[in-house]
Amino acid sequence: MALILEAVSKSLGGTPVLGDISLRVGAGTRTAIVGSSGSGKSTLLRLIAGFDHPDSGQISLDGQTLAAHSERMPAHRRGIGYVAQDGALFPHLTVRQNIAFGLHDRSAKLDRIRHVCDLVGLDEAMLGRFPDELSGGQQQRVALARALAPSPKVILLDEPFSALDTNLRAQTRRAVVQALDGANVTTILVTHDQDEALTFGHQVGVLERGRLVQAGSPEEVYDHPVDAETAEFLGTAIFVPVTVNGEYADSVLGRLRVRHDESGGRALVKAMIRPDQLHVSAGPDGTPVEVGSVSSSGAQTEVLLRVAGRPAPVELSVLIPRHRAHEFRPGMTATIEVQDGVVLYPR
Amino acid sequence: MAMTPALQRVGRAEGRSRRPSLALIVLGGAIALITLVPVGYVLSIAVEVGGSQLLPLVFRPKVGELLVNTMLLVAVATPLCLAVGIGAAWLVERTDLPGRRLWAVLLAAPLAIPAFVSSYGWVSAISGIQGLGGAVMIAVFAYYPLVYLPAAAAIRGLDPALEESARSLGCSTWAVFIRVVLPQLRLAILGGGLIVALHLLAEYGAFAMIRFDTFTTAVMVQYQATFAGPAAGALGAVLASLCLVLLILEASARGRARYARVGSGAPRSATLVRMKLWNLPVLLGLIALLGAAAGVPLASVARWLGTGDTWAQAELGSAVVQTALLVSAGALLTILIALPVAWLSVRHPSRLTKAIEGATYVTSSLPGIIVALALVTLTIRLIPSLYQTPFTVLLAYVLIFIPRALVSLRAGIAQAPVGLEEAARALGRSPIQARMRVTVPILVPSIAAGAALVALGAANELTATLLLAPNGTRTLATQFWSASSSLHYADAAPYAVLLIALSVPAVAIMFLQSRKVARR
């Protein structure tokens, strides 16, 4: 049983926003949808929540149709929780009243409030406060607690951490994941932050200009993006031109093992390498490279490498642990190896 | 990727602004039409009376004299109000003046004394007050708070970092004020100047009391002599044109100017200018200002109250009851009409909503007497049964005071974004339940504030009430007026007290609203 979207499309004001989205979210799992701003992320959540309705395609939850053709279940009957970007806490109600808003059973109310506060790590001293007396992180916790309180089958999170500063973001995210695991609820998070998407979900979907170009486990989409654009969007990617030679590809970095081929048999091909695949050493194994500069940035040291290439030299930046920094000096010759193979794309 | 057509990007906001229902649009359009009645009236005078008849009515020595009087009054009193209002705002917001928090409240207080009560206070204390000098004096003391409140809010919203940068570039305190603070206050200055000028054009009681003739007093005299004839209409058309010219001047001077804080991070609180030796003269000046603006009128009222059994007038009780009834009905009607306009403009902004707001803005900028003349003419010609009925008075209150309601309601609706209703629906509430449990409770305080502002404004309204109310209607303002204009100063005093007491909550609300805007 799961949340299933089939060929969902949506236009707003005559402009297509989402096209042919199909997605399956397993019960109790977390899915992160990542896309740049304007890619249609929020619209996707609004269709699932029932605030908007798809033009075509259907959405179902546990075998029950939520939206198909003219059949539309209103938002308040779907049992789908929604946490907005800014939390959308009711300013005229206290934290307690906010959390209790979706609860109907009076007798169990107090227990339930206490339980969800516990889940999201919210101090019960906050219950009497009004939303404007809370910090950003606390507001998001209250918003999540409020959404969890009626025990929804699904929770939708619309960039819930983007308003928080970096430190608070990671901390709040951990708390939220913990709470979601504790509540065993199916979750969809949309975000523009790749790292957030890759660390949050069991499944990551990549949304580009209204189309779901890829969905899979975080490792799968990071290591094997469907195209070069997605590869770059999901994290730093180094592209080097290669000539394909069976299971191998030859480049300025030497002979590389081909892990996946997405080049479609084109003549001009490039290989994608993640920075963590590069292994630099002062030893003799690998392709020789010239060390340009060595600069410390906290716990890590950045080494700039120049590889002699045919049209022009290729420059690479590699991060190494600081304790290895003494191995490299500007001007010396080092060697580089590419580990774990590469993915090929058309050039 | 090349095979799939790229879908266009659409911002979040566009997804949210759904089309309003047809009923709401029709309602909005109808309201816009009603608000345009006074403007239509002014235009119809020009068309109906015709140039050949209108020109001699307009271009005669009497009109020239009125024009000179009115223009001089606006030209002299407006800059003085700006100087006093902005100066007071700067002292309260940016200097270490002793007791500046108290001064911040006290300087707004004269707003609670209606201009015609203030005029009565001065004239009954010093009977020699008259002419342009007297009019300017009374106008400045009565209207400088109209500049002071928005200027203080604007100064509070300035980023002190700009002033600090100017100082580090070698500017003195005075140079910083002239070169950095003042230019950023341009919008507040223009807006405040416009409000003062419109008040000067519209005021009847305060200037009639000291026998200073302006267009408004002349229209009133003409109306009393010849009813809504062409003469009153022609004068009214000139008066309305003056107002429209002011509106256009202000709008074009404002241009596309926007002064926003650039850069990130919260603005810090300003470093206060140290007054040192200036403290004493400035404090004395402020005490003199407050004494003239509030002290003299209040002392006069108190003196007349003490002259006998002034509270024993028979009409006092019925005036209180009638005012309460008229004013609360006016507030209710205004809120009912303003609510769809505010809702449309916040939830479904479009060209239509801009047009409706523009119509309400222009009409409410016209003097009450023009609105009254328009309604007199309209009811007599089209629906005579509505002439001099409470309904017509209420309609005048709506047209004159709707912006007060709009300001409050818009702020309230903006605090209840659609996202909150959606959150309620995701928590299992139907759309109607969501609106009733979330949006309405959030709106209640701003409805109350808007209604109070309208009601209290209407309680002080004189000209439209005099023209439109059924015979025998007694409100606090008309009773005060009939007593004081027939020189029964003692009889007028209890009404003055009640009018001032009624205005205090309105001023408190305006004061708090101006603080809130600045905090955002």
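Pick from A:ALA147, A:ALA143, A:ALA100: which is in the same structural domain as A:VAL176 (by TED's automatic domain parsing), in contact with a Leu (Cβ under 9 Å, 6 or more places away or on another chain), surrounded by fewer than 23 Cβ atoms within 10 Å (Cβ to Cβ) and modelled with pLDDT of 90 or more? Talk me through it step by step, then tell me what you get.
Values: A:ALA147 fails: surrounded by fewer than 23 Cβ atoms within 10 Å (Cβ to Cβ); A:ALA143 fails: surrounded by fewer than 23 Cβ atoms within 10 Å (Cβ to Cβ).
Of A:ALA147, A:ALA143, A:ALA100, the one residue that is in the same structural domain as A:VAL176 (by TED's automatic domain parsing), in contact with a Leu (Cβ under 9 Å, 6 or more places away or on another chain), surrounded by fewer than 23 Cβ atoms within 10 Å (Cβ to Cβ) and modelled with pLDDT of 90 or more is A:ALA100.
Listed here are the residues, each with its yes/no results for (1) closer than 29 Å to B:LEU36 by Cβ; (2) within 14 Å of chain A (Cβ to nearest Cβ); (3) over 16 Å from the mean Cα position of the chain (by Cα).
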{"position": "B:ALA374", "(1), (2), (3)": "yes, no, yes"}
{"position": "B:LEU378", "(1), (2), (3)": "yes, no, yes"}
{"position": "B:SER385", "(1), (2), (3)": "yes, no, yes"}
{"position": "B:THR392", "(1), (2), (3)": "yes, no, yes"}
{"position": "B:PHE401", "(1), (2), (3)": "yes, no, no"}
{"position": "B:GLY419", "(1), (2), (3)": "no, yes, yes"}
{"position": "B:ALA434", "(1), (2), (3)": "no, yes, yes"}
{"position": "B:ALA451", "(1), (2), (3)": "yes, no, no"}
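Mind checking which pairs have a first residue in region A:111-137 that is at positive phi and a second that is in a helix (DSSP H, G or I), Cβ under 8 Å, 6 or more apart or different chains?
Short answer, once both residue conditions are applied: A:GLY121/A:ARG141; A:GLY121/A:ALA175; A:GLY121/A:GLN178; A:GLY121/A:ALA179.
I need the full set of residues from region A:209-262 which are within 14 Å of chain B (Cβ to nearest Cβ) and within 20 Å of A:GLY309 (Cβ to Cβ), in order please. Spell out how you get there, then give the answer.
Our first condition is that a residue be within 14 Å of chain B (Cβ to nearest Cβ); within region A:209-262, this holds for A:209-214, A:225-233, A:262.
The one that is within 14 Å of chain B (Cβ to nearest Cβ) and within 20 Å of A:GLY309 (Cβ to Cβ): A:ALA228.
For region A:16-38, which positions are assigned to a strand (DSSP E or B) and within 14 Å of A:ILE4 (Cβ to Cβ)? Explain how you work it out, then say what you get.
Step one: list which residues in region A:16-38 are assigned to a strand (DSSP E or B), which gives A:16-26, A:30-34.
Listed by number, the residues that qualify are A:ILE21, A:SER22, A:LEU23, A:ARG24, A:VAL25, A:GLY26, A:THR31.
Kindly check whether there is at least one residue in region A:121-131 that is surrounded by 17 or more Cβ atoms within 10 Å (Cβ to Cβ), closer than 18 Å to A:GLN178 by Cβ and within 11 Å of chain B (Cβ to nearest Cβ).
No, there is no match, as no residue in region A:121-131 is surrounded by 17 or more Cβ atoms within 10 Å (Cβ to Cβ), closer than 18 Å to A:GLN178 by Cβ and within 11 Å of chain B (Cβ to nearest Cβ).
Take the residues of region A:66-108 that are assigned to a loop (DSSP other than H, G, I, E, B) and closer than 15 Å to A:LEU3 by Cα: which is farthest from the other protein chains (Cβ to nearest Cβ)? Write out each step before concluding.
From region A:66-108, those assigned to a loop (DSSP other than H, G, I, E, B) are A:69-70, A:73-74, A:78-79, A:84-94, A:101-105; that's our starting set.
Checking which are closer than 15 Å to A:LEU3 by Cα leaves us with A:73, A:78-79.
Working: A:MET73: 12, A:ARG78: 8, A:GLY79: 8 Å.
Here the answer is A:MET73.
Just the residues that are under 34 Å from the mean Cα position of the chain (by Cα), modelled with pLDDT under 85 and either part of a loop (DSSP other than H, G, I, E, B) or among the acidic types (Asp, Glu) (or both), please, taken from region A:287-312.
If the condition is that a residue be under 34 Å from the mean Cα position of the chain (by Cα), modelled with pLDDT under 85 and either part of a loop (DSSP other than H, G, I, E, B) or among the acidic types (Asp, Glu) (or both), then A:GLY298, A:ALA299 are the ones that fit.
Go over the candidates A:GLY57, A:GLY63, A:GLY50 one by one and state the one that is at positive phi, away from every other protein chain (no Cβ under 14 Å) and crowded, with 19+ Cβ neighbours inside 10 Å. Break it down into steps so the answer makes sense when it comes.
Numbers: A:GLY63 fails: crowded, with 19+ Cβ neighbours inside 10 Å; A:GLY50 fails: away from every other protein chain (no Cβ under 14 Å).
Among A:GLY57, A:GLY63, A:GLY50, only A:GLY57 is at positive phi, away from every other protein chain (no Cβ under 14 Å) and crowded, with 19+ Cβ neighbours inside 10 Å.
Check whether at least one residue in region B:285-301 is over 23 Å from B:LEU80 (Cα atoms) and of a type outside the set (Val, Ile, Thr), and report yes or no. Give the derivation first.
At the first step, the residues of region B:285-301 found to be over 23 Å from B:LEU80 (Cα atoms) are B:299-301.
If we keep only those that are of a type outside the set (Val, Ile, Thr) too, we end up with B:299-300.
Yes, region B:285-301 contains at least one residue that is over 23 Å from B:LEU80 (Cα atoms) and of a type outside the set (Val, Ile, Thr).
So B:GLN224 clears everything in (1) closer than 30 Å to B:ALA496 by Cβ; (2) touching a residue at least 60 places away in the same chain (Cβ under 8 Å); (3) over 21 Å from the mean Cα position of the chain (by Cα) except one condition, right? Which one?
All conditions are met except number (2).
Looking only at region B:162-182, count how many residues are part of a loop (DSSP other than H, G, I, E, B), surrounded by fewer than 13 Cβ atoms within 10 Å (Cβ to Cβ) and of a type outside the set (Gly, Ala, Ser). First the steps, then the outcome.
First, pick out the residues of region B:162-182 that are part of a loop (DSSP other than H, G, I, E, B): B:169-172.
Cutting the leftovers down to surrounded by fewer than 13 Cβ atoms within 10 Å (Cβ to Cβ) gives us B:169-170, B:172.
Still in the running and of a type outside the set (Gly, Ala, Ser): B:169.
The qualifying residues number 1.
Does any residue in region A:258-274 that is without any contact (Cβ under 8 Å) to a residue 24 or more places away in the chain come within less than 6 Å, Cβ to Cβ, of a residue that is buried (at least 21 other Cβ atoms within 10 Å of the Cβ) and not in a loop (DSSP other than H, G, I, E, B) six or more places away or on a different chain, and which pairs are these?
none
Taking helices (runs of 4 or more DSSP H) that fall entirely within region B:428-502, which contain at least 2 residues that are within 30 Å of A:LEU103 (Cβ to Cβ)?
Values: elements: B:431-434, B:440-459, B:463-468, B:476-485.
The qualifying helices (runs of 4 or more DSSP H) are B:431-434, B:440-459.
Looking at the structure I just gave you, is A:VAL280 buried (at least 20 other Cβ atoms within 10 Å of the Cβ), aliphatic (A, V, I, L, M) and touching a residue at least 24 places away in the same chain (Cβ under 8 Å)?
Details: buried (at least 20 other Cβ atoms within 10 Å of the Cβ): yes; aliphatic (A, V, I, L, M): yes; touching a residue at least 24 places away in the same chain (Cβ under 8 Å): yes.
Judged against the criteria, A:VAL280 is a match.
Looking at region B:310-346, which of its residues are over 24 Å from B:LEU399 (Cβ atoms) and either polar (S, T, N, Q) or in contact with a Pro (Cβ under 7 Å, 6 or more places away or on another chain) (or both)? Show your work before the answer.
Initially, region B:310-346 is screened for residues over 24 Å from B:LEU399 (Cβ atoms), giving B:310-318, B:320-321.
B:THR310, B:TRP311, B:GLN313, B:LEU316, B:SER318 - these are the residues of region B:310-346 that are over 24 Å from B:LEU399 (Cβ atoms) and either polar (S, T, N, Q) or in contact with a Pro (Cβ under 7 Å, 6 or more places away or on another chain) (or both).
Give A:SER107, A:SER37 a once-over and let me know the one that is farther than 30 Å from A:ASP195 by Cβ, among the hydroxyl-bearing types (Ser, Thr, Tyr) and surrounded by fewer than 20 Cβ atoms within 10 Å (Cβ to Cβ). So that I can check it myself, show each step before the final result.
Details: A:SER37 fails: farther than 30 Å from A:ASP195 by Cβ.
Checking each option against the conditions leaves just A:SER107.
Yes or no: A:ALA7 surrounded by fewer than 17 Cβ atoms within 10 Å (Cβ to Cβ) and more than 25 Å from A:ASP181 (Cβ to Cβ)? Working first, answer last.
Values: surrounded by fewer than 17 Cβ atoms within 10 Å (Cβ to Cβ): yes; more than 25 Å from A:ASP181 (Cβ to Cβ): yes.
Yes.
Does region A:327-335 contain at least one residue that is surrounded by 14 or more Cβ atoms within 10 Å (Cβ to Cβ), in contact with a strand residue (DSSP E or B) (Cβ under 9 Å, 6 or more places away or on another chain) and assigned to a strand (DSSP E or B)? Break it down into steps so the answer makes sense when it comes.
Here is the first cut: in region A:327-335, the residues surrounded by 14 or more Cβ atoms within 10 Å (Cβ to Cβ) are A:327-328, A:334-335.
Filter once more, so that each one left must be in contact with a strand residue (DSSP E or B) (Cβ under 9 Å, 6 or more places away or on another chain): A:327-328, A:334-335.
The next check asks that each one be assigned to a strand (DSSP E or B); those that pass are A:334-335.
The answer is yes; a qualifying residue exists.
What's the total number of residues in region A:1-24 that are among the aliphatic types (A, V, I, L, M) and within 14 Å of another protein chain (Cβ to nearest Cβ)?
So the answer is 6.
The values are calculated or read from the model by the stated rules, or taken from the named source; none is laboratory data. Keep in mind it's a predicted model, so treat the numbers as computed, not measured. Heads up, the Cβs are rebuilt from the backbone with ideal geometry, glycines too, and the neighbour counts pull from every protein chain shown.
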